[in-house]
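> Please see the structure below; I have some questions.
The values are calculated or read from the model by the stated rules, or taken from the named source; none is laboratory data. Keep in mind that what you see is a predicted model, and the values were worked out from it rather than measured. Ideal geometry is used to build each Cβ from the backbone, glycine not excepted, and the neighbour counts take in all protein chains shown. Ligands, DNA and RNA are stripped out before the accessible areas are found, and what is left, the full protein with its side chains, is counted by its heavy atoms. Shrake-Rupley method; radii C 1.70, N 1.55, O 1.52, S 1.80 Å.
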Amino acid sequence: MKKIRIGTNVFLPMPVVLVGTEIAGRPNFLTVGWVSRVNTDPPMIAIGINRANATPDGIQENKTFSVNLPTAEMVTETDYCGLVSGRDTDKSGIFDLFRGVLTGAPMIQNCPLTMECRLTETIELPTNLLFIGEIVAGYVNTGMESGGKPDMKAINPLLLTMPDNSYWTLGEYAGKAWAEGKRLKNKN
Ligand SMILES: Cc1cc2nc3c(=O)[nH]c(=O)nc-3n(C[C@H](O)[C@H](O)[C@H](O)COP(=O)(O)O)c2cc1C
């Protein structure tokens, strides 16, 4: 198979989340594609945030943040939070909010899956700050879960591809994880 070199600005498909903070007491949300679970126990999640954004001020002030998974129906509000900065625009009134056990980590009512996180580590990268947080509590909307586990088909999350900068929804079911490989495993 022939390959072409495409340079180094390369990305993997990613989920889109809204990260919530409170900056000088005002709730603020930014759109984030660079997010991943990074530890099993305790459950930890990492977000890569550009230093120029207002959000690092809130995370560093409170040592907390929230991660909110929007639905595809929330694409306009989600994109808006990635276009304007809390430095010059008040984003506190866009969503109905609720709070859990942490201060400084407001969560979005309309997001069917949310989590509140306590900052455990900040890694300074050249342009971004990698914030690692322990998930202190997670919340899912009733009707969007099955046996207490988030039902992603019902949630209908947004996915992002770069550098074509496009939003997508989940595609077809492709198989059960930690199970499909058993066909090969059992052969060997
Ligand atoms: C789809 C999308 C994904 C984004 N992903 C990130 C990201 O992972 N990290 C980041 O720092 N900024 C990301 N941004 C840009 C910020 O959301 C944007 O700069 C925002 O206005 C910053 O808000 P704030 O200044 O209130 O923190 C993304 C924007 C969009 C539209």
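> Counting only heavy atoms of protein chains, what accessible area per residue, in Å², does the range 86-149 have with a probe of 1.4 Å?
Values: 3460 Å² over 64 residues.
Value returned for the range 86-149: 54 Å² of accessible area per residue.
> For every helix of n ≥ 4 consecutive DSSP H residues, a contribution of -39,500 (n - 2.57) applies; sum these over the chain, divide by its total residues, and give [θ] at 222 nm rounded to the nearest 500 deg cm²/dmol. It would help to have the intermediate numbers written out before the result.
Working: 4 runs with 25 residues, N = 188.
-3000 deg cm²/dmol, from helical runs alone.
> Quick one: net charge of N50's neighbours, Cβ under 13 Å, K/R +1, D/E -1?
Working: positive: R51, R87; negative: D57, E124.
With Lys, Arg at +1 and Asp, Glu at -1, the neighbours total 0.
> Relative contact order for the range 14-187: what is it in percent, counting Cα pairs under 8 Å that are at least 6 residues apart? Can you show the working numbers first?
Working: 353 pairs, mean separation 40.7, N = 174.
Worked out over the range 14-187, it gives 23 percent.
> For the range 130-135, in order, what is each residue's ³J(HN,Hα) by Karplus, 6.51 cos²θ - 1.76 cosθ + 1.60 with θ = phi - 60°, in whole Hz (x at glycine and Pro)?
Ordered by residue, 3J(HN,Hα) equals 9, 8, 10, x, 7, 6 Hz.
> Under the Karplus relation 6.51 cos²θ - 1.76 cosθ + 1.60, θ = phi - 60°, what is the ordered set of whole-Hz ³J(HN,Hα) values for the range 106-120, x standing for Gly and Pro?
x, 10, 9, 3, 6, 7, x, 10, 9, 8, 10, 10, 9, 4, 10
> Please identify, among F29, F98, F131, the residue showing maximal mean-square fluctuation in a Gaussian network model of the chain using a 10 angstrom Cα cutoff.
Highest fluctuation of the listed residues: F98.
> Under a GNM of the chain (C-alpha, springs under 10 Å), which listed residue has the highest mean-square fluctuation: I94, I155, I59?
I94
> List the chymotrypsin sites (Phe, Trp or Tyr not before Pro) within the range 142-188 that fall in a DSSP loop (any state other than H, G, I, E or B) and whose Cβ has at most 13 other Cβ atoms within 10 Å. Before the final figure, lay out each step's value.
Numbers: sites: Y167, W168, Y173, W178; in loops: Y173, W178.
Taking the range 142-188 and a limit of 13 other Cβ atoms within 10 Å, the loop chymotrypsin sites (Phe, Trp or Tyr not before Pro) found are Y173, W178.
> Where the accessible area of the range 14-187 is counted over protein heavy atoms with a 1.4 Å probe, how much of it, in %, is carbon and sulfur? Present the calculation step by step, with values, prior to reporting the outcome.
Values: 5110 of 9550 Å².
Whole-percent figure for carbon plus sulfur exposure: 54.
> I've got another one for you. Could you put E180, E73, E172, E22 in order of accessible surface area, largest first, with the 1.4 Å probe and the full protein assembly present? The partial results should precede the final answer.
On the way: E180 80, E73 135, E172 170, E22 30 Å².
Heavy-atom accessible area, descending, gives E172, E73, E180, E22.
> Which residue fluctuates most in the GNM of the chain (Cα springs below 10 Å): G33, G148, G48?
In this elastic network of the chain, the residue with the biggest mean-square fluctuation among G33, G148, G48 is G148.
> Another question, if that's okay. Find how many whole Å separate the alpha carbon centroid of the range 54-102 from the alpha carbon centroid of the range 164-188.
31 Å
> Hey, which lysines would be in cross-link range of K176, C-alpha to C-alpha under 29 Å, not counting anything within fewer than 8 residues on its own chain?
Within reach: K149, K153, K185, K187.
> Considering amide H positions built from the backbone, and no H for Pro or chain starts, which residues 5 or more places from L97, or on another chain, come under 5 Å of its amide H?
Counting only residues 5 or more places away or on other chains, the set is Q109.
> Then there's this: Amide H of E145: which non-local residues (sequence gap of 5 or more, or other chain) have their own amide H closer than 5 Å, using H built in the peptide plane?
Residues meeting the criterion, in which the H sits 1.01 Å from N, are D151.
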